[in-house]
């Protein structure tokens, strides 16, 4: 099932992050188009979307159970956990950011329009320690296929937005072709944003008014980057056209990971935050020698 899994070091520091003999373990199987994978620390479990079936799942390590927690999901893509332990999600079909309240029975819409125009299709999402919600808004959910519903675009740009704790929606930056994965760096003074068609990861300064300044290209990715996250050392992990690459914080390539399937996104998780979870047709668990960066618990 994972015969294609392969690790390649470009720099020897790569082997400080992952064992060359590690084997991926399939922990949740028989899915179609998995995305939005995130560790839920308050519940000690994993959550992920299947855009192909319109479902949101949680996987419980103690029992190896996969449980559906949202259906229909409105083509749920990216997910994150806010400071109060609630799931916030990107919905392609409704062009909305929603939040699942703690009892799981109520979905609240947090954002769907900017200046009277519908958002494109919120894709990836993060929450910082101030409980500000940041998300990318490319047009992928307005196309054909399992991830989209064809319809005309209302906005004339693809941007990154911030929802402040009081609910105000701020346009943080809009000079992207198709913004996708995003990630706060350690200290939350800077943010990484993938621009998928341009095959690059950019670094921005996070300003007090919830805008993004700067924007240097820190990584040129060999493929189309989707999800991006950092480890405890600040190394940058990203998907690239179904596989993965790892860079140091300055953008030097450390190594390549050939995924055991078409990997669209991933996360760090587990009780020690030292597991890599890869969202392919199955969800795979890979033991690491490093840990994912921790922002808040």
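The values are calculated or read from the model by the stated rules, or taken from the named source; none is laboratory data. Only a predicted model underlies this, so the values are computations on that prediction, with no experimental measurement involved. When we count neighbours, we look across all protein chains shown, and the Cβ atoms used for this are built from the backbone with ideal geometry, even at glycine.
Yes/no per residue for (1) part of a strand (DSSP E or B); (2) in contact (Cβ under 8 Å) with a residue 60 or more places away in the chain; (3) at positive phi:
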position	(1), (2), (3)
97	yes, yes, no
123	no, no, no
131	no, no, yes
134	yes, no, no
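Specify the residue that is nearest to residue 123 (Cα to Cα); the eligible residues are those in the stretch 63-80 that are in contact (Cβ under 8 Å) with a residue 12 or more places away in the chain and not in a strand (DSSP E or B). Among those that are in contact (Cβ under 8 Å) with a residue 12 or more places away in the chain and not in a strand (DSSP E or B), it is 75. If you go through the stretch 121-128 one residue at a time, do you hit one that is surrounded by fewer than 18 Cβ atoms within 10 Å (Cβ to Cβ), at pLDDT 95 or above and touching a helix residue (DSSP H, G or I) at 6+ places or on another chain (Cβ under 6 Å)? No. Among the residues making up the stretch 24-47, those that are more than 12 Å from the chain's Cα centre (by Cα), more than 10 Å from residue 269 (Cα to Cα) and part of a strand (DSSP E or B) are 25, 26, 27, 28. Once the stretch 255-274 is narrowed to residues that are without any contact (Cβ under 8 Å) to a residue 60 or more places away in the chain and farther than 17 Å from residue 50 by Cα, the residue that is surrounded by the fewest Cβ atoms within 10 Å (Cβ to Cβ) is 272.
Hey, does the stretch 204-216 have a residue that's at pLDDT below 95 and surrounded by fewer than 23 Cβ atoms within 10 Å (Cβ to Cβ)? No; the residues of the stretch 204-216 include none that is at pLDDT below 95 and surrounded by fewer than 23 Cβ atoms within 10 Å (Cβ to Cβ). Scan the stretch 146-153 and tell me whether some residue there is in contact (Cβ under 8 Å) with a residue 40 or more places away in the chain, more than 21 Å from residue 98 (Cβ to Cβ) and in contact with a helix residue (DSSP H, G or I) (Cβ under 9 Å, 6 or more places away or on another chain). Scanning the stretch 146-153 turns up no residue that is in contact (Cβ under 8 Å) with a residue 40 or more places away in the chain, more than 21 Å from residue 98 (Cβ to Cβ) and in contact with a helix residue (DSSP H, G or I) (Cβ under 9 Å, 6 or more places away or on another chain). If you go through the stretch 229-248 and keep only what is farther than 14 Å from residue 185 by Cα and in a strand (DSSP E or B), you end up with 239, 240, 242, 243, 244, 245, 246.
With respect to being in a loop (DSSP other than H, G, I, E, B) and crowded, with 18+ Cβ neighbours inside 10 Å, residue 226 fits the description.
Of the residues 261, 251, the single one that is in a loop (DSSP other than H, G, I, E, B), modelled with pLDDT under 95 and more than 21 Å from residue 136 (Cα to Cα) is 261. Checking each residue in the stretch 178-199 for being in contact with a strand residue (DSSP E or B) (Cβ under 9 Å, 6 or more places away or on another chain), surrounded by fewer than 19 Cβ atoms within 10 Å (Cβ to Cβ) and farther than 19 Å from residue 293 by Cα picks out 178, 198, 199.
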